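Pasting in a structure now, in structure tokens, and then I'll have a few things to ask.
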Amino acid sequence: MSTFSQELLEKLATAKSVGVLTGAGISVESGIATFRGHDGIWKKFKPEELASMDAFLKNPELVWEWYEYRRQIIYKVKPNPAHFTLAEMESCYPEFTISTQNVDGLHALAGSKNILELHGNILYNRCNQCGKKFKDTGYEKGKPFQYCNCGGKIRPDVVWFGEPLPAQELEKSFNVAAKSDVYFSIGTSANVYPAAMLPVEAKLYGAYVIEINLEKTTLSGQVDVSFLGKAGEILPEMWQAVQKYKNKKISI
Ligand code: OAD
């Protein structure tokens, strides 16, 4: 059981604008591996062989198979208490936005509405040329390239190495960070930029920054408070403590 300071409870009880950055760690308790942890995806596969345009053009079958493998995992998993708590929190603040590096769609499945997907969504494909999105036009064995009406190649709707992040989502995320009263960094190693800059930006603009991660990260020294443990345990406990704190304040 974690303990939460009066300062943290007061900040969360009075905040008007809350921003959140999430990473692979928030989906671990749902059964999805991280990128850099002990069982991390990048420990088993080389990113440049699977998650880049070069890889897709050189070995499309391998890239599609890898994405299909990950999709099959994601189709089977469910949001966990950390996702559900964020969805509940959204309904209690005038402004609440999640910027996620995850492509698994679990925030939406948990009921969150205001989500900025910085690295795309693995459950979709898109045209490489005109950007049109496709839900179903995917990989067929022996037919590695599917084409859009415009002639472009259809590919997974995720951000690959060497590609820019979606400009609108990124700009909105930085705006959120700059105006947040409280900002969370949850389950991210804070190694991949520019997303890793968001909590730092929030701190620079005066937010109270809370980190939740199994272990210390490069961010830990820069935040107001860093909780070491599972997001699916700490976040619901924290939110319950905030409700108790608010009720106590009302009854005084
Ligand atoms: P990482 O795999 O780099 O980091 C996951 C973090 O989650 C680690 O710091 C873990 O300690 C932490 N963690 C694991 N289980 C946890 C739990 N139950 N509760 C809380 N924290 C937990 O994943 P990201 O930071 O999301 O990009 O990686 C960022 C980007 O790197 C990914 O979006 C992906 C990758 O390259 C692209 O594919 C473009």
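When only Cα pairs under 8 Å and 6 or more residues apart are kept, what is the percent relative contact order across the stretch 32-87? Before the final figure, lay out each step's value.
Working: 24 pairs, mean separation 12.6, N = 56.
In percent, rounded to a whole number, it is 23.
Is the chain rounded, prolate or oblate when judged by the Cα gyration tensor, a ≥ b ≥ c being the square roots of its eigenvalues, rounded requiring a/c under 1.5 and prolate requiring a/b larger than b/c?
Working: a/c = 2.14, a/b = 2.01, b/c = 1.06.
Since a/c reaches 1.5 and a/b is larger than b/c, the shape of the chain is classed as prolate.
Still on this structure, please answer the following. Antiparallel versus total DSSP beta bridges in the stretch 119-252: what percent is that, nearest 5?
Around 45 percent antiparallel, to the nearest 5.
Also: Among Val158, Val77, Val103, determine the one that fluctuates most according to a GNM of the chain built with springs between C-alpha atoms less than 10 Å apart.
Of Val158, Val77, Val103, the most mobile in the Gaussian network model is Val77.
Another question, then. With Rg and the Kirkwood Rh both taken from Cα atoms, where does Rg over Rh land for the stretch 76-163?
1.08
What is the set of long-range amide H partners of Gly120 at a cut-off below 5 Å, with H atoms built 1.01 Å from backbone N?
Amide H to amide H, under 5 Å and 5 or more residues apart or across chains, Gly120 pairs with Val159.
OK, next. Per DSSP H run of n ≥ 4, the term is -39500 (n - 2.57); total these for the chain, divide by its residue number, and report the mean residue ellipticity at 222 nm rounded to 500 deg cm²/dmol.
Calculated mean residue ellipticity at 222 nm is -11000 deg cm²/dmol.
Post the alpha-carbon centroid distance, the stretch 1-79 to the stretch 84-145, in whole angstrom.
12
Let me ask something else. Taking the alpha-carbon distance from Lys249 and a cut-off under 16 Å, which lysines remain once sequence neighbours fewer than 8 residues away in the same chain are dropped?
Lys11
Here's another thing I want to ask about it. Charges only on Cβ, +1 for Lys and Arg, -1 for Asp and Glu: so what's the dipole of the chain about the Cα centre, in debye to the nearest 20?
For the chain, the charge dipole is close to 360 debye.
Out of all DSSP beta bridges in the chain, what portion is antiparallel? Express it as a percent rounded to 5.
Values: 8 of 31 bridges.
In the chain, approximately 25 percent of DSSP beta bridges are antiparallel ones.
Just want to confirm a number: the relative contact order over the chain, from Cα pairs under 8 angstrom separated by 6+ residues, in percent.
24
Taking the dipole about the Cα centre of the stretch 135-178, with the C-beta of Lys and Arg at +1 and of Asp and Glu at -1, give me whichever of Leu165, Val176, Cys148 is farthest to the positive side.
Of the options given, the answer is Cys148.
Something else about it: With θ taken as phi - 60° and the coefficients 6.51, -1.76 and 1.60, list the Karplus ³J(HN,Hα) couplings across the stretch 149-166 in order, rounded to whole Hz; mark glycine and proline as x.
4, 7, x, x, 8, 8, 9, x, 8, 10, 8, 9, 4, x, 9, x, 6, x
Expressed as an acute angle from 0 to 90° and rounded to the nearest 10, what is the orientation of the C-alpha long axis of helix 167-179 relative to the principal long axis of the chain?
10
Report for the stretch 71-184 the percent antiparallel among DSSP-assigned beta bridges with both residues inside it, nearest 5.
75
Taking the 0 to 90 degree range and rounding to the nearest ten, how far is the long axis of helix 231-251 tilted relative to the main principal axis of the chain, both from C-alpha atoms?
Between the helix axis and the principal axis of the chain, the angle is about 30 degrees.
Which cross-chain or sequence-distant (5 or more) residues have an amide H under 5 Å from the amide H of Ser185, H modelled 1.01 Å from N in plane?
Result for Ser185 returns Leu21, Ile210, Glu211, Ile212.
Let me know the shape class of the stretch 169-251, please: from the alpha-carbon gyration tensor, a ≥ b ≥ c as square roots of the eigenvalues, rounded when a/c is under 1.5, otherwise prolate if a/b is greater than b/c, or oblate.
oblate
Taking Cα pairs under 8 Å and at least six residues apart, what relative contact order does the stretch 1-106 come out at, in percent?
Relative contact order for the stretch 1-106 comes out at 43 percent.
Quick one: angle between helix 60-76 and the longest Cα principal axis of the chain, in degrees between 0 and 90, rounded to 10, please.
Once rounded, the angle reads 40 degrees.
Rule-based calculations on the coordinates, nothing more; no lab input. Keep in mind the model is a prediction, meaning the values are calculated, not measured. Cβ coordinates were reconstructed from backbone atoms using ideal geometry, including for glycine residues, and neighbour counts include every protein chain displayed.
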